[in-house]
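Below is one structure; the comments refer to it alone.
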Amino acid sequence: MRNEIKRKLIHILSIIFPAAYLLRTKQDVLFILGIAVIFAISVELGRFFCVKFAKIFDKTVGHLLRFHEKQKFTSATNLLLSFYVSTLIFSKPVAVSVMLFVVLCDALSALVGKKWGNTVLYGNKTLEGSAVFLLSGLIIILIVPGLDFLTGLFGLVAAFVVDLFVVNIDDNITIPIVSGVVMQIVLFL
């Protein structure tokens, strides 16, 4: 549980990116995220192809990795990639919302579900964690400037369904991309 808390705290720190997007232009945020993505991919390549670097990586943060991340990109790199794509292709309110869905809803629901979750809904997802996901998502919908409530609600439901049922793909990719596509479609209609 201690490593999971550390992982989720690091996850929550990535709130800096949607916060920056609220204050800066799309180009500014894409530039910052681009640098972060290049750095993250460089770290990934270093740990895959350089034995000395891999040893340093494993010694410092390797204990935070899940088993499936040992031979693939980490969830942190996937998160940065999805933030970059979301900023690039979605409107500002949609991009900020989907980033907050994955940063806050996913992290808070996981922490609550692991600590206080008793009623299993599906797989390792609990009613208690799911309730926190939806509640925090509703708060996000209400506070993101320029986001229509109905559009946000469709996106939140999509994010929730993806988080609940998609298990073979990193939710740091699926939550923002799927919910963002749904919201952009709703905006188009």
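The numbers here are math on the coordinates, done by the rules we state, and not lab data. What you see is a predicted model; the values in this text were computed from it and never measured. In this analysis, Cβ positions are derived from the backbone assuming ideal geometry, glycine residues included, and neighbour counts consider all displayed protein chains.
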Q) Helix-derived [θ] at 222 nm for the chain: sum -39500 (n - 2.57) over DSSP H runs of at least 4, divide by residue count, nearest 500? A) -24000 deg cm²/dmol
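Just to be sure I understand the rule: take each whole DSSP H helix in the chain, project its Cα atoms onto its long axis, keep it if the span is 20 Å or more and its mean Kyte-Doolittle hydropathy is at least 0.0. Which ones pass?
26-49, 75-89, 127-143, 149-165, 171-188
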**Q.** the chain - charge dipole about Cα centre, Lys and Arg +1 at Cβ, Asp and Glu -1, debye rounded to 20
**A.** 680 debye
Q) Which net charge results when you count Lys and Arg as +1 and Asp and Glu as -1 among the other residues whose beta-carbon is under 15 Å from that of VAL96? A) +1
Q) Mean shadow of region 82-124, computed from the convex hull of its alpha carbons, in nm²? A) 3.7 nm²
Q. Farthest toward the dipole's positive end in region 2-188, which of PHE48, ALA19, LEU127, given Cβ charges of +1 (Lys, Arg) and -1 (Asp, Glu) about the Cα centre?
A. PHE48
Q. In the chain, with Lys and Arg counted as +1 and Asp and Glu as -1 at Cβ, which of these residues, VAL178, ALA36, VAL98, has the Cα nearest the positive end of the dipole, that is, farthest along it?
A. ALA36
